[in-house]
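J.: My questions will all concern the structure given below.
The values are calculated or read from the model by the stated rules, or taken from the named source; none is laboratory data. Just so it is clear, the structure is predicted and the values come from calculations on it, not from any experiment. Backbone-built Cβ (ideal geometry, glycine too); neighbour counts: all protein chains shown. Only protein heavy atoms, including side chains, enter the accessible area calculation; ligands, DNA and RNA are left aside. Shrake-Rupley method; radii C 1.70, N 1.55, O 1.52, S 1.80 Å.
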Amino acid sequence: LSAVACGSLLSQGFPLPIVVLGTLCTGALAGLFNGAIITLTGITPFVVTLGGLTIFRGLTLTISNGGPISGFTPDMRWWGTGLVGPVPVPVIIFLGAALLCHLVLRYTRYGRSVYAVGGNAEAARRAGINVRRIYTSAFMLCSMFAALGGMLGAARLASSSQQAGTGDVNLNAIAAAVIGGTSLFGGRGSAWSALLGIIVIQSISNGLTLLNLSSSLRYMITGAVLAIAVIVDSLARQSRAVHGRA
């Protein structure tokens, strides 16, 4: 959705700052939509975000009229293909985003509140934390970073379409987070551990490609790695719970 929104704004002649701001706002609104439904209804986040994914893909088809959007300007393409010295611009933006997330989670009250809500929402509520606000803002921030990634991807390809972000992207994102130590049950994880998980899962993906394995087998292996990581996380959580009671 963010990639198509970016291409749509460019095709209408909006200046680059408006395009960037509009793309990030598109992501924030998507996160606000999911976060509001989750906090107001109490529905499991996975179900809500899965439904939101289908809705947003429908919006993407509507905005793009079912086809790709091209004609990106050189200053927009620089965000995806430019260099600062020998370092690609997307790498600099990615590392900057990771550093920002680390600083916020580690050294701010908001970051501590995120960990508290993820670990035990009821305990956080009784401690005076606005759980609904933390939930909604976390979804908005997550969607804004996803929008940033979509914009950089569209700038690199000089095109955006409804197919952006499909395939094994979602599976790899979940696998990278879990392998990096982020708990699916909440309350544990960090920006740098997620970065390590990305490196590991991408190394596995590249290795499977170099081995010239079929796409179906690559999906199976990636899924098996994710399943093992989830099982390890679940066992570690149960072990911590047992030792905590002891």
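J.: Taking the dipole about the Cα centre of the chain, with the C-beta of Lys and Arg at +1 and of Asp and Glu at -1, give me whichever of V91, N212, F72 is farthest to the positive side.
T.: Final value for the positive-end residue is V91.
J.: Using unit Cβ charges (K, R positive; D, E negative) and no other charged atoms, how large, in debye to the nearest 20, is the dipole of the chain about its Cα centre?
T.: 760 debye
J.: In addition: Considering the options L235, G128, I179, tell which one lies farthest towards the positive end of the dipole of the chain, charges being +1 on Lys and Arg and -1 on Asp and Glu at the Cβ, about the Cα centre.
T.: Checking the options against the dipole of the chain, the answer is G128.
J.: Quick check: the angle from helix 45-64's long axis to the longest principal axis of the chain, C-alpha only, nearest 10 degrees?
T.: Long axis of 45-64 versus the principal axis of the chain: about 0 degrees.
J.: Related question: Please compute the contact order of the range 57-214 in relative form: average sequence separation of alpha-carbon pairs under 8 Å and at least six residues apart, divided by the residue count, as a percent. Write down the numbers at each step before the final one.
T.: Details: 148 pairs, mean separation 44.9, N = 158.
28 percent.
J.: Same structure, new question: Highest mean first, how do 32-40, 195-203 rank when packing is the count of other Cβ atoms within 10 Å averaged over residues?
T.: On the way: 32-40: 18.7, 195-203: 16.7.
In descending order of packing, they fall as 32-40, 195-203.
J.: Can you tell me how much longer the chain between V47 and L59 gets when fully stretched, taken as 0.36 nm per residue apart minus their C-alpha distance, in nm with one decimal?
T.: Once the chain is fully extended between V47 and L59, it gains 2.5 nm.
J.: Quick one: helix 16-41 against the long Cα principal axis of the chain, what's the angle to the nearest 10°, folded into 0 to 90?
T.: 30 degrees
J.: Here is a follow-up. Could you give the angle, 0 to 90 degrees to the nearest 10, between helix 169-179's Cα long axis and the longest principal axis of the Cα atoms of the chain?
T.: That helix lies at roughly 30 degrees to the long axis.
J.: Right, here's the next one. Specify the residue with the greatest mean-square fluctuation among R126, R106, R156, computed from a Gaussian network of the chain linking alpha-carbon atoms under 10 Å apart.
T.: Largest GNM mean-square fluctuation: R126.
J.: I would also like to ask the following. First compute the accessible area of the range 125-199 with a 1.4 Å probe, then give the percent of it belonging to carbon and sulfur atoms.
T.: Using a 1.4 Å probe with all protein chains present, the range 125-199 comes out at 63 percent carbon and sulfur.
J.: Then there is this: So what's the back-of-envelope 222 nm ellipticity for the chain, counting only DSSP H runs of four-plus at -39500 (n - 2.57) apiece and dividing by all residues, rounded to 500?
T.: After summing the helix terms and dividing by the residues of the chain, the value is -26000 deg cm²/dmol.
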